[in-house]
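Engineer: Questions regarding the structure given below will be posed in turn.
The values are calculated or read from the model by the stated rules, or taken from the named source; none is laboratory data. Nothing here was measured: the structure is a model prediction, and the numbers come from that model. Here the Cβ positions follow ideal geometry from the backbone for every residue, glycine too, while neighbour counts run over all protein chains shown. The area values use the complete protein model at the heavy-atom level, side chains included, leaving out ligands, DNA and RNA. Shrake-Rupley method; radii C 1.70, N 1.55, O 1.52, S 1.80 Å.
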Amino acid sequence: MSNTTEFEIKKPKVDLNYASEKKPVASDPSPEAKPLPKVTIDGKTYEFKPGDTIMQVAERYKVHEEIPRYCYHPGMPIAGTCRMCTVEVEKAPKLMTSCSTPAADGMVVHTRSDKVLKSRTGVMEFLLTNHPLDCPVCDKAGECELQDYNYEYGPGTSNFKEEKRVFEEATTKKLSDQVTLNMNRCVHCERCVRFTDDVTKTNDLVMVNRGWHKELEATTEAGLTNDYQGCLTDFCPVGALTWNDFRFKKRSWFLSKKPSICDRCSKGCNIEVHSDAEVVYRYVPIHNEMVNGHWMCDSGRSSYNDLMNPMRVISPLMNHQNGLHSTTLQALLGELSIQLKNASSVQLVIGTDATREEAALLKDKFPSILGKNVSVSYFNGTAGVTSSADDKKMDNLLKMKDLTPNTKGVEEQGISPLSQGEVSSDIVIVFRNGRAGIPKMKAGQKVILWGVWNHDEIKTLSSQTVLGVIAGLATIEKEGSFKNTDGIVQKFHPAIVHKGGALSAHQVVNMWKSLN
Amino acid sequence: MATINVSKKYTVKEKTYLPAILIGMKITMKRFLQGFLLRKHDTILYPEKKRDYSDRFRGMHFISVDKNKTENCTACYLCETVCPAECIHIVADERDEDQNPYGVKKEKKPVSFDIDSLRCCFCGFCEEACPKDAIKLSTNYELAVSSREEAIYDLDHLKREMNGRSEK
């Protein structure tokens, strides 16, 4: 199961600010005239585009598993400092770093010769001289590149007899509220430094001192200030940088991993939902060049907390004697049907966090079930955003102004936005999935809530009369598609199974239909 | 249908029962006299006296503590991972820095560490997996409890100062 991306427009103008994209690629005036150059890697010949490095060619054709690397990351500029990715190139006097050596026509490369493996063993031994043996405590254990490569290439023994280096102060140092640094574990790949220099351009981190004393430090007193700090903890190959929200919560090998889409803003970043026993522990971005590249922002990353909020309504609630009480969905829908039939006018407000399928269902099929005229409109609720035209980039990377995922997709269904203060019908049905805002309503307004709500939000509606709450599924619990701000339609499947009493909009509509 | 008669004919000696009773009484008197006169018993006076078990016997679990009475466990979940009976349940958290005398080694702590001894099969895999020598199985075999709740050992129950595998 994977996210499918349907490209509606040919090439969206997404400036992902990839540093690696900026690498000058030797342009060939007539690519068809000349055959593509060829490189031989491990006995097989592959065609490549001029300008590709050996690593990129090997990556594209999936030669072996992968060439081991610490400093190389496809979303960042090349450093060539860790020496883990060295390969043997015939006729070259020494081993070459595959991440920074451009492939050349007729080049013969060996990625697993004895000489290469011996070099990797040496590199591993040097990296492990000072690395503490604290895998039981380290959160990275199980998904650690140092662990993995040590099993594959490590020497197994060490000639290092001296005391290991300990950074007393930086053993558990909070770089910000979200990220903790343990400098003892660092292997000095400097991915984090290059990330803040070239991707977020905030220049938050720097390596101070040299050699044995080389240490990562924040450049300002405030520590890390960028909005993409979670990415540092994703690509840190060891457990030096850890995400506080996930720190010590779960060991990585217990997590089951399913793809989904982040619904925190209109960008629609591709994510992997890491859960155990249907409890979500974290979101991690998946690489998608067209949408989010390798990254995702911190507010999106921690947005699973809203979903796992114990205050979330996960069973149908009915108004009885001025209080909301848990009930069955059939009883609730039966009661609401009577109320809606007697109402003089009914209005349906769809939040822009509904999927395209839900919006179509609610607009086309839902009014016919009630058997009366329902005015349908959508509501975004983000400050300063009423329609997709108001959406704009908030920084040079991913963050968007619109904090709902599907404004374009709802507009596509021919639904018009709700103008402020238009909620004037006898009964209003508000359908939202926890991301769109709640429209302003006059005191005493009768309202039916549908979708993802929590009790704190319902408390803000104390001056209105809430007739009932129909609990719905959140984005990662259901199937559907979003159209993001660049016009890319992204489909997603359930990443976790909902364990409460909430049902999808289709199931609720079908049940409602069978009652009438 | 033909049947096979398996009943046997009893002899006069068997029919009278008396010789068999006398043989039985002879054994009883032999044991009685051995115990009464020579003080030679096959049973022991449990619980005042206890049998010697092998040091390798796997009985009740315990978590070893260091000299500061802090548990050696760092909540690495390896025992929970390896446990075939799925009877170990750990919740981890960060240890307070002032309770952190050994720096990085004790950065993490178990907030709760429960062993459901009713599910446990005493295989000793947890002991084998533990990288800190924290969880161990003692030679204590007296596991009787008066309620099911008591059979779930929590951290306070497990944390005991131990001398080797036997209790101090």
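Engineer: I'd like to check which strands (runs of 3 or more DSSP E) are fully inside the stretch A:234-323 and have at least 1 residues that are open to solvent by less than 10 Å² (accessible area, probe 1.4 Å).
Structural biologist: Details: elements: A:241-243, A:256-261, A:270-276, A:279-285, A:317-319.
By residue number, A:241-243, A:256-261, A:270-276, A:279-285.
Engineer: Among the candidates A:Ser252, A:Ser260, single out the residue that is of a type in the set (Gly, Ala, Ser) and either assigned by TED's automatic domain parsing to the domain that holds A:Thr202 or within 26 Å of A:Arg356 (Cα to Cα) (or both). Step through it out loud before you land on a result.
Structural biologist: Working: A:Ser252 fails: either assigned by TED's automatic domain parsing to the domain that holds A:Thr202 or within 26 Å of A:Arg356 (Cα to Cα) (or both).
Sole residue among the options that is of a type in the set (Gly, Ala, Ser) and either assigned by TED's automatic domain parsing to the domain that holds A:Thr202 or within 26 Å of A:Arg356 (Cα to Cα) (or both): A:Ser260.
Engineer: Which ranges mark the strands (runs of 3 or more DSSP E) fully within the stretch A:77-187 that have 2 or more residues being farther than 26 Å from B:Cys73 by Cβ? If you could, list the steps in order and put the result at the bottom.
Structural biologist: Working: elements: A:86-89, A:108-110, A:179-181.
So the answer is A:86-89, A:108-110.
Engineer: What residue, of A:Gly122, A:Gly156, is open to solvent by 10 Å² or more (accessible area, probe 1.4 Å), within 20 Å of A:Arg69 (Cα to Cα), modelled with pLDDT under 90 and not β-branched (Val, Ile, Thr)? Walk me through it before giving the result.
Structural biologist: Values: A:Gly122 fails: modelled with pLDDT under 90.
Answer to the check: A:Gly156.
Engineer: Being surrounded by 20 or more Cβ atoms within 10 Å (Cβ to Cβ), of a type outside the set (Val, Ile, Thr) and part of a loop (DSSP other than H, G, I, E, B) is the filter here; which residues of the stretch A:189-214 pass it?
Structural biologist: Residues satisfying the conditions are A:Cys189, A:Glu190, A:Asp204.
Engineer: Another question about this same structure. Would the stretch A:434-446 turn up any residue that is part of a helix (DSSP H, G or I) and either at pLDDT below 90 or not hydrophobic (A, V, I, L, M, F, W, C) (or both)?
Structural biologist: Filtering the stretch A:434-446 down to residues part of a helix (DSSP H, G or I) leaves none.
No, the stretch A:434-446 contains no residue that is part of a helix (DSSP H, G or I) and either at pLDDT below 90 or not hydrophobic (A, V, I, L, M, F, W, C) (or both).
Engineer: Is there a residue being surrounded by fewer than 20 Cβ atoms within 10 Å (Cβ to Cβ) and free of Cβ contacts under 8 Å to residues at least 60 places away in the same chain anywhere in the stretch A:404-412? Working first, answer last.
Structural biologist: Filtering the stretch A:404-412 for residues surrounded by fewer than 20 Cβ atoms within 10 Å (Cβ to Cβ) gives A:411-412.
Filter once more, so that each one left must be free of Cβ contacts under 8 Å to residues at least 60 places away in the same chain: A:411.
Yes, that holds for at least one residue.
Engineer: Which pairs do you get when a residue that is closer than 23 Å to A:Arg432 by Cβ and open to solvent by less than 10 Å² (accessible area, probe 1.4 Å), found in the stretch A:328-352, comes within reach of a residue that is assigned to a strand (DSSP E or B) and among the basic types (Lys, Arg), reach meaning Cβ atoms under 7 angstrom, with the pair 6+ apart or on two chains?
Structural biologist: Here the result reads A:Gly351/A:Arg432, each pair linking the stretch A:328-352 to a residue that is assigned to a strand (DSSP E or B) and among the basic types (Lys, Arg).
Engineer: Select from the stretch B:84-95 the residues that are more than 11 Å from every other protein chain (Cβ to nearest Cβ) and surrounded by fewer than 20 Cβ atoms within 10 Å (Cβ to Cβ) and write down the one among them that is nearest to A:Glu168 (Cα to Cα). Give the steps one after another, and end with the answer.
Structural biologist: From the stretch B:84-95, those more than 11 Å from every other protein chain (Cβ to nearest Cβ) are B:84-89; that's our starting set.
Imposing the further condition that a residue be surrounded by fewer than 20 Cβ atoms within 10 Å (Cβ to Cβ) reduces the set to B:84-86, B:89.
On the way: B:Pro84: 39, B:Ala85: 40, B:Glu86: 38, B:His89: 32 Å.
Within the stretch B:84-95, the match that is nearest to A:Glu168 (Cα to Cα) is B:His89.
Engineer: Still on this model: If A:Thr220 satisfies every condition in (1) among the polar types (S, T, N, Q); (2) surrounded by fewer than 16 Cβ atoms within 10 Å (Cβ to Cβ); (3) within 14 Å of another protein chain (Cβ to nearest Cβ) but one, which is the exception?
Structural biologist: Against the list (1) among the polar types (S, T, N, Q); (2) surrounded by fewer than 16 Cβ atoms within 10 Å (Cβ to Cβ); (3) within 14 Å of another protein chain (Cβ to nearest Cβ), A:Thr220 comes up short only on (3).
Engineer: List the pairs whose first member sits in the stretch A:166-192 and is on the phi > 0 side of the Ramachandran plot, whose second member is modelled with pLDDT of 90 or more, and whose Cβ atoms are under 6 Å apart, counting only residues at least 6 apart or on separate chains?
Structural biologist: A:His188/A:Lys214
Engineer: Scan the stretch A:177-186 residue by residue and report those that are away from chain B (no Cβ under 13 Å) and either open to solvent by 20 Å² or more (accessible area, probe 1.4 Å) or in contact with a Lys or Arg (Cβ under 8 Å, 6 or more places away or on another chain) (or both).
Structural biologist: A:Asp177, A:Gln178
Engineer: A further question follows. Would you point out which residue out of A:Val206, A:Val116, A:Val166 is within 13 Å of chain B (Cβ to nearest Cβ) and hydrophobic (A, V, I, L, M, F, W, C)? Break it down stepwise before answering.
Structural biologist: Numbers: A:Val206 fails: within 13 Å of chain B (Cβ to nearest Cβ); A:Val116 fails: within 13 Å of chain B (Cβ to nearest Cβ).
It is A:Val166.
Engineer: Somewhere in the stretch A:126-141, is a residue among the charged types (D, E, K, R) and away from chain B (no Cβ under 14 Å)? Write out each step before concluding.
Structural biologist: Of the residues in the stretch A:126-141, the ones among the charged types (D, E, K, R) are A:134, A:139-140.
Now drop any that are not away from chain B (no Cβ under 14 Å), which leaves none.
Scanning the stretch A:126-141, I find no residue that is among the charged types (D, E, K, R) and away from chain B (no Cβ under 14 Å), so the answer is no.
Engineer: Those residues that are of a type in the set (Gly, Ala, Ser) and either buried (at least 21 other Cβ atoms within 10 Å of the Cβ) or within 11 Å of chain A (Cβ to nearest Cβ) (or both), I need them from the stretch B:106-138; list them, please.
Structural biologist: Residues of the stretch B:106-138 that are of a type in the set (Gly, Ala, Ser), as a first pass: B:112, B:117, B:124, B:129, B:134, B:138.
B:Ala129, B:Ala134, listed by residue number.
Engineer: Please indicate, with yes or no, whether at least one residue in the stretch B:105-120 is within 24 Å of A:Asp276 (Cβ to Cβ) and of a type in the set (Val, Ile, Thr).
Structural biologist: Within the stretch B:105-120, one or more residues are within 24 Å of A:Asp276 (Cβ to Cβ) and of a type in the set (Val, Ile, Thr).
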